[in-house]
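First up is the structure itself, then whatever we jot down about it.
The values are calculated or read from the model by the stated rules, or taken from the named source; none is laboratory data. Remember, it's a predicted structure, so these values are computed and weren't measured experimentally. Reconstructed Cβ throughout: ideal geometry from the backbone, glycine too, with neighbour counts over all protein chains shown.
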Amino acid sequence: MVGVARSPAARARPAGWWRKIRYRLSQFGTGLLAGVQEVDETPAVTLLSADALALFRRMPRDARRHSLRVLQTMEAAAPVPAELAVAALLHDVGKVAAREAGAYLGLWLRGPMVLAEAIAPKLLTQLATAQPSRSLRYAIYVQLHHPEIGAAWARAVGASDLTCWLIAEHQNKARRADTPEADTPEAVLLARLQAADDQS
């Protein structure tokens, strides 16, 4: 039997891209519900310093709920060291930079951007601009660079070097669990954060 020829665009897509799209659509639905539900911030109040808690509370409700779910997912599997717990709670705080510049980076935009990143990753990089503004191009920049932004903010409120490193690297796919350095203590913690983020 002769197989159906795939287009060059289809051949260029990374393996599992459709699974990623379905997963992101599921996250989008979860985010919609989170926007109208109350958030129990007890873990954040318990674990974060006053300044770090203020930083956490700068995030919108759906982002705070996501961060708490990431922490809960890790806690269900094994004890969570304090520095990893703080990273879980603050890993997406850098996304607030867009809102504070007047650029919209809400759920209705993040979902399509994540899909675009899965299908055509270079497109968003070409559109992004680092100059803070109310523009879509700055919102795209923040979506792509929120780990570094969040790590800098976490450092400013006294987070440890390890916590800041975990925040900065949490979307670095090159540091996934199948890399040669994956057995270092720091990499093991990062793998836990990445896995819980993916599941939440």
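Is the range 141-151 home to any residue that is part of a loop (DSSP other than H, G, I, E, B) and hydroxyl-bearing (Ser, Thr, Tyr)?
no
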Filter result for residue 25 (out of contact with any Asp or Glu (no Cβ under 9 Å at 6 or more places or on another chain), at pLDDT 95 or above and surrounded by 10 or more Cβ atoms within 10 Å (Cβ to Cβ)): no
Residues located in the range 98-108, provided they are over 15 Å from the mean Cα position of the chain (by Cα), surrounded by 13 or more Cβ atoms within 10 Å (Cβ to Cβ) and outside any loop (DSSP other than H, G, I, E, B): 99
Residue within the range 166-174 that is more than 19 Å from residue 73 (Cβ to Cβ), in a helix (DSSP H, G or I), in contact (Cβ under 8 Å) with a residue 60 or more places away in the chain and small (Gly, Ala, Ser) present: no
Residues within the range 81-95 that are within 17 Å of residue 160 (Cβ to Cβ) and either charged (D, E, K, R) or without any contact (Cβ under 8 Å) to a residue 12 or more places away in the chain (or both), tallied: 1
Residue among 59, 74 that alone is modelled with pLDDT of 95 or more, closer than 28 Å to residue 158 by Cβ and outside any helix (DSSP H, G or I): 59
Count of residues meeting criterion [assigned to a helix (DSSP H, G or I) and under 24 Å from residue 55 (Cβ atoms)] in the range 109-131: 4
Candidate set: the range 48-97, residues that are buried (at least 22 other Cβ atoms within 10 Å of the Cβ), within 14 Å of residue 199 (Cβ to Cβ) and among the aliphatic types (A, V, I, L, M); chosen: the one farthest from the chain's Cα centre (by Cα): 74
Filtered residues of the range 130-179 (kept if of a type outside the set (Val, Ile, Thr) and more than 28 Å from residue 81 (Cα to Cα)): 130, 131, 132, 133, 134, 135, 136, 137, 138, 139, 141
Test set (1) part of a helix (DSSP H, G or I); (2) under 19 Å from residue 70 (Cβ atoms); (3) at pLDDT 95 or above - residue 187 fails condition number: (3)
